[in-house]
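Following: one structure in structure tokens, then a few remarks.
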Amino acid sequence: GENVEQHPSTLSVQEGDSAVIKCTYSDSASNYFPWYKQELGKGPQLIIDIRSNVGEKKDQRIAVTLNKTAKHFSLHITETQPEDSAVYFCAASIYPAGGGNKLTFGTGTQLKVEL
Amino acid sequence: GAVVSQHPSRVICKSGTSVKIECRSLDFQATTMFWYRQFPKQSLMLMATSNEGSKATYEQGVEKDKFLINHASLTLSTLTVTSAHPEDSSFYICIPQGLAGGYSTDTQYFGPGTRLTVL
């Protein structure tokens with residue numbers, strides 16, 4: 001089955017700096033890679049996703065890059081703000097969804113944005 | 001977007017009791033339901049997958065007789081933790097998949113989660 005590794009487990013940055021979180025996956029059949037933000041006591045919320053037919057996707061301060069050959073993908077947050085502090089999870093799946101295409105999650109990264 | 005509800009959001013129970021968690025997809029038909037659990041400061045781990053009207057498929061290490069899953073309708077799935085013990089204390093999350101307006105719901109519609117604490 002799929003195995004997703006995520007690094008680093010903790011990341012501390014100064015407000016305004018950039019943060020990068022990296023994930024690798026093992027199953028070459030995976031073609032959908034979402035990122036989730038989980039705040040304390042809450043469930044994960046989708047913040048951005050990328051499919052294997054593109055190499056990069058950007059949404060305001062958040063971007064995700066995908067290298068299919070190397071089987072790794074990264075989350076980039078620019079101009080970090082204190083409210084970006086949370087746990088971030090990457091995941092891998094096979095799209096289109098439906099019919100049982102489960103998500104395999106990374107181990108999570110605790111991001112702390114310091115003032 | 002699609003809405004998923006999960007009830008209860010938080011439950012505290014005594015060891016040995018059973019707890020039922022409901023997951024409802026409010027505006028789409030969930031043909032498949034994934035149940036995940038998340039131990040403190042850990043990642044989300046898939047427990048089981050159920051398809052409407054069929055028996056659930058459990059991941060390795062998850063006891064099917066302890067975690068009873070019912071997916072009898074396209075809008076409701078339940079997870080019952082039987083004879084709960086402190087080690088079952090966790091955050092349980094459902095992720096329904098199906099069709100909404102003819103399009104796949106994708107994998108982004110999480111239930112808000114149920115925090116179970118077993119004393």
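Total lysine pairs in chain A at Cα distances under 22 Å, for residues eight or more apart or on different chains: 21.
Springs join every pair of Cα atoms under 10 Å in this Gaussian network model of chain B, and among B:48, B:56, B:72 the largest mean-square fluctuation is at B:72. Given R0 = 35 Å, the distance between the Cβ atoms of residue B:51 and residue A:40 translates into a calculated FRET efficiency of 0.55.
Over chain B, Cα pairs under 8 Å with separation of 6+ residues give a relative contact order of 36 percent. Here residue B:3 and residue A:114 are evaluated by their C-beta separation; at R0 = 45 Å the FRET efficiency comes out at 0.80. With contacts taken as Cα pairs under 8 Å and at least 6 residues apart, chain A reaches a relative contact order of 36 percent. Applying the Karplus relation 6.51 cos²θ - 1.76 cosθ + 1.60 with θ = phi - 60° to the range B:27-38 yields 3J(HN,Hα) values of 9, 8, 8, 8, 6, 10, 10, 9, 10, 10, 10, 9 Hz, where x marks Gly and Pro. Per residue, the convex hull spanned by the Cα atoms of chain A amounts to 99 cubic angstrom. For the protein assembly as shown, with equal point scatterers placed on the C-alpha atoms only and solvent neglected, what are the log10 I(q)/I(0) values from the Debye formula at q = 0.07 1/Å, to two decimals? Evaluating at q = 0.07 Å⁻¹ gives log10 I(q)/I(0) of -0.23. Taking a ≥ b ≥ c as the square roots of the Cα gyration tensor eigenvalues, the range B:15-119 comes out prolate, since a/c reaches at least 1.5 and a/b is larger than b/c. Placing dummy labels 7 Å off each Cα toward the beta-carbon, the span from residue A:72 to residue A:18 is 1.6 nm. Taken about its Cα centre, the protein assembly as shown carries a charge dipole of roughly 380 debye when the Cβ of each Lys and Arg holds +1 and the Cβ of each Asp and Glu holds -1.
Simple spin-label estimate for residue B:59 and residue A:27 gives 1.2 nm between the two label positions (7 Å along the Cα-to-Cβ direction from each Cα).
Roughly how many Å is it from the Cα centre of the range B:18-53 to that of the range A:1-80, as a whole number? About 23 Å separates the Cα centre of the range B:18-53 from the one of the range A:1-80. Absence of a disulfide-compatible partner, taken as no other cysteine beta carbon within less than 4.7 angstrom, is noted in the protein assembly as shown for B:13.
Sorted ascending by nearby beta carbons within 10 Å, beginning with the fewest, A:61, B:37 become A:61, B:37. Working from label points 7 Å from Cα in the Cα-to-Cβ sense, the residue B:17 to residue B:80 distance is 1.6 nm.
Throughout, read-outs are computed from the coordinates displayed, never taken from laboratory work. Source: prediction; values computed, not measured. Virtual Cβ from ideal backbone geometry, glycine too; neighbours counted across all protein chains shown.
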